[in-house]
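A.B. asks: First the structure, then my questions, so here it is.
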Amino acid sequence: MTELLRVGQVAEKLGISPQTLYFYERLGLIPKPRRTEGGYRLYGEPELERLAFIARAKALGLTLAEIKELLLLQENGQALPCWQVYVKLTEKLRQIDKSIAHLQELKGELSTLIEQCQQKFSEQEKSSSCTIFQQQLDNP
């Protein structure tokens, strides 16, 4: 029989806070754990594996809602179908690509503003008021 761990032990082992465990339980990401006669939560190997899966999925950028969807697909001890994981991960990759494109756009805009600022303070005294944002509002 595998060793059962209390909340604090699980939190320390996985590098998460006890509040995170309670939160995951409330969201239904992990099932309600067994309890001691004193009411302490006890976690076994299956729960630790599930929590490790959640941590890995979060590290890949999946939201808790997306993780919950994957976990629901895996219920009843069945293996997670590869094609469903493929669909979810492909969708996540598209979202990341979209975010990257948006961030590159913002980077370009910021670079332009920085160049305008440099030009302004090289032409004027450094303590003069910056009108870059005002200009952006006047000329969208």
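Throughout, read-outs are computed from the coordinates displayed, never taken from laboratory work. This structure is a prediction, so every number in the text was calculated from the model and none was measured. FYI the Cβ positions are ideal-geometry reconstructions off the backbone, even for glycines, and counts take in every protein chain you see.
A.B. asks: For the Cα atoms of the chain, what angle does the longest principal axis make with the long axis of helix 64-73, in degrees from 0 to 90, nearest 10?
C.D. replies: Long axis of 64-73 versus the principal axis of the chain: about 40 degrees.
A.B. asks: Then there is this: Let me check I've understood the local charge: for residue 88, count other residues with C-beta under 10 angstrom from its C-beta, Lys and Arg +1, Asp and Glu -1. What total comes out?
C.D. replies: -2
A.B. asks: At a threshold of 8 angstrom on Cα-Cα distance, excluding pairs fewer than six apart, so keeping six or more, what relative contact order does the chain reach in percent?
C.D. replies: Values: 65 pairs, mean separation 22.1, N = 140.
Result for the chain is 16 percent.
A.B. asks: Given R₀ = 30 Å, FRET efficiency for residue 94-residue 23 by Cβ-Cβ distance, to 0.05? Write down the numbers at each step before the final one.
C.D. replies: On the way: r = 28 Å, r/R0 = 0.93.
Calculated transfer efficiency: 0.60.
A.B. asks: Return a whole-number percent for the relative contact order of segment 1-45, with Cα pairs under 8 Å and 6 or more residues apart as the contact set. Please report the intermediate quantities before stating the final value.
C.D. replies: On the way: 38 pairs, mean separation 23.7, N = 45.
Relative CO of segment 1-45 lands at 53 percent.
A.B. asks: Relative to the first principal axis of the alpha-carbon coordinates of the chain, what is the inclination of helix 82-123, with its axis defined by its Cα atoms, in degrees from 0 to 90 and to the nearest 10?
C.D. replies: It works out to around 30 degrees.
A.B. asks: A follow-up question, please. Arrange the peptides 59-68, 105-114 so that the one whose residues have, on average, the most other Cβ atoms within 10 Å appears first.
C.D. replies: Details: 59-68: 14.4, 105-114: 10.9.
Highest to lowest by the protection proxy: 59-68, 105-114.
A.B. asks: Sticking with this one: In a GNM of the chain with a 10 Å cut-off on Cα contacts, which of 121, 53, 23 has the highest mean-square fluctuation?
C.D. replies: 121
A.B. asks: I'd like the GluC sites (Glu not before Pro) in segment 25-65 restricted to DSSP loop residues with at most 15 other Cβ atoms within 10 Å, sorted by number. Write out the running numbers ahead of the final one.
C.D. replies: Working: sites: 25, 37, 47, 49; in loops: 37.
In loop regions of segment 25-65 (DSSP not H, G, I, E or B), the sparsely surrounded GluC sites (Glu not before Pro) are 37.
A.B. asks: Further question on the same structure: How long is the gain from residue 45 to residue 115 if the chain were fully straight, where each residue apart is worth 0.36 nm and the alpha carbon distance is subtracted? Mind dumping the intermediate values first?
C.D. replies: Values: separation 70, 0.36 × 70 = 25.20 nm, distance 5.63 nm.
Full extension from residue 45 to residue 115 adds 19.6 nm.
A.B. asks: If Lys and Arg each add +1 and Asp and Glu each add -1, what is the summed charge of the other residues whose beta carbon sits under 13 Å from the beta carbon of residue 100? Kindly include the intermediate steps, with their values, before the conclusion.
C.D. replies: Numbers: positive: 92, 94, 98, 107; negative: 97, 105.
Computed value for this residue: +2.
A.B. asks: Match the structure shown to one of the listed values (1) 55, 34, 31; (2) 45, 38, 27; (3) 76, 38, 22 of Cα extents along the principal axes in Å, computed from it, and give that label.
C.D. replies: (3)
A.B. asks: What does the charge count near residue 68 come to, summing +1 for each Lys or Arg and -1 for each Asp or Glu among other residues with Cβ under 13 Å from its Cβ? Spell out each step's value before the answer.
C.D. replies: Values: positive: 26, 50, 58, 88; negative: 25, 66, 69, 75.
Residues close to residue 68 contribute a combined charge of 0.
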